[in-house]
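Heads up: the structure comes next, in structure tokens.
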Amino acid sequence: MLILAIDTSCDDTSAALLQIEDEHISILSNIVSTQGDIHAKYGGIVPEIASRMHTEAIWPVVEAAMQGRAVSDLSAIAVCHGPGLIGSLLVGCSFAKSMSWGSAVDLVGVNHLEGHLLSAFLTGETPEFPFISLIVSGGHTSLYLVKDYGEYEELGRTRDDAAGEAYDKVAKMLGLPYPGGPAIDRLAQTGDDRAIPLPRPYLPGTHDFSFSGLKTAVRLAIDKHPDQSLENFCASFQRSVVEVLVRKTEIAMRETSVMRITINGGVAANSGVRKGMQLMCEQMGVQLYLPPLQYCTDNAAMIAIAGYYRHRRGERATLDMNPRPYLPLV
Ligand code: KG4
Ligand code: ZN
């Protein structure tokens, strides 16, 4: 089987080609064209610019991913149809639908979050079901119980900002460029993570998250501690986020008695999150599945793997499939 997948949910244009032979999965290509530099000028994603950039990038990105293969060689075309920015989603969906209609190749619609959840199946050792999955990105911070392909239970989610969004907004307050996550992560390496007292929003009794109060606390601390270094602010903020993510994942694991964890999404690339989760899992004797960095941030290979399992279950999309900015996973 050969699956082409497309993701244009936010500000990255991505296409990937996945080959499946006797259950063995090979990622033949995974092309990601990022728009980060353009949006950096505005301090965040400008949706109208994102969709225009997708229209320019989609054709060369898909062509590069196809590696000279003909469309008729494909078994299916998987496309992310939500959640995401409506204008951005429209570009990928329209492109995939046209390709499918013009070639009579099967079309499969994939939820972006399902892509993140199943990215643990892209490489190396893969988790057995059930497992706990923490998705931490710029748009989402949620804990799921993954029971099987297509069987997901949401345990909790953020009530306000996603963790990546908090990183981006705090970076802006500190005068750092967009996207803020990698910049804060880098500066945090040389800072004192106990220098500035910040809250830990645990929301006890729920599996939900909340990062907007922490963001406000950083704002107030900037005025209160003008003598503190940028590095100390970054390290103290990162410590707070990491402690909350690690502790809440640990509680979800204990309460469900499911001792396998995967972490996905852009913030899963964070060095503090990776170290903190590794340490907690070692202490608890729990298996941690951390995708390589290129499969943590948005990419089409994760859409391809989710599309493969949907196609295997007999799912086919029709041409009336429309992008949905708030597409729920469960
Ligand atoms: O998964 P992703 O590529 O796109 C979304 O679906 O949102 O995640 C992007 C987010 C941004 O907020 C970015 O600042 C954050 O992931 N991010 C990081 C790091 N790398 C990316 N946050 C913290 N530390 C990092 N190293
Ligand atoms: Zn994402």
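Of everything in region 263-297, what is within 19 Å of P127 (Cα to Cα), within 14 Å of ligand 2 (Cβ to nearest atom) and among the hydroxyl-bearing types (S, T, Y)? Give them in sequence order.
Selection gives Y295 alone.
Being surrounded by 13 or more Cβ atoms within 10 Å (Cβ to Cβ) and more than 16 Å from ligand 1 (Cβ to nearest atom) is the filter here, so list the residues in region 280-300 that pass it.
M280, C281, M284, V286, Q287, L288, Y289
Output the number of residues of region 20-43 satisfying the condition of being in contact with a strand residue (DSSP E or B) (Cβ under 8 Å, 6 or more places away or on another chain) and surrounded by fewer than 16 Cβ atoms within 10 Å (Cβ to Cβ).
1
Return the residues of region 161-201 that are hydroxyl-bearing (S, T, Y) and either surrounded by 17 or more Cβ atoms within 10 Å (Cβ to Cβ) or without any contact (Cβ under 8 Å) to a residue 12 or more places away in the chain (or both); say none if nothing qualifies.
Passing the criteria: Y167, Y178.
List every residue pair whose Cβ atoms sit under 6 Å apart, with the two residues 6 or more apart in sequence or on different chains, where the first one lies in region 257-285 and is under 20 Å from D192 (Cα atoms) and in a helix (DSSP H, G or I) and the second, anywhere, is among the charged types (D, E, K, R) and at pLDDT 95 or above.
Hits for this filter: S271/D185.
Determine, yes or no, whether I303 is at pLDDT 95 or above, in a helix (DSSP H, G or I), aliphatic (A, V, I, L, M) and crowded, with 24+ Cβ neighbours inside 10 Å.
Yes.
For region 307-316, what are the residues that are out of contact with any Ser or Thr (no Cβ under 8 Å at 6 or more places or on another chain) and over 13 Å from G115 (Cα atoms)?
Within region 307-316, R312, R313, G314, E315, R316 meet the criteria.
The values are calculated or read from the model by the stated rules, or taken from the named source; none is laboratory data. Because the structure is predicted, anything quoted here is derived from the model rather than measured. As a convention, Cβ positions derive from the backbone with ideal geometry for all residues, glycine included, and neighbour counts pool all protein chains shown.
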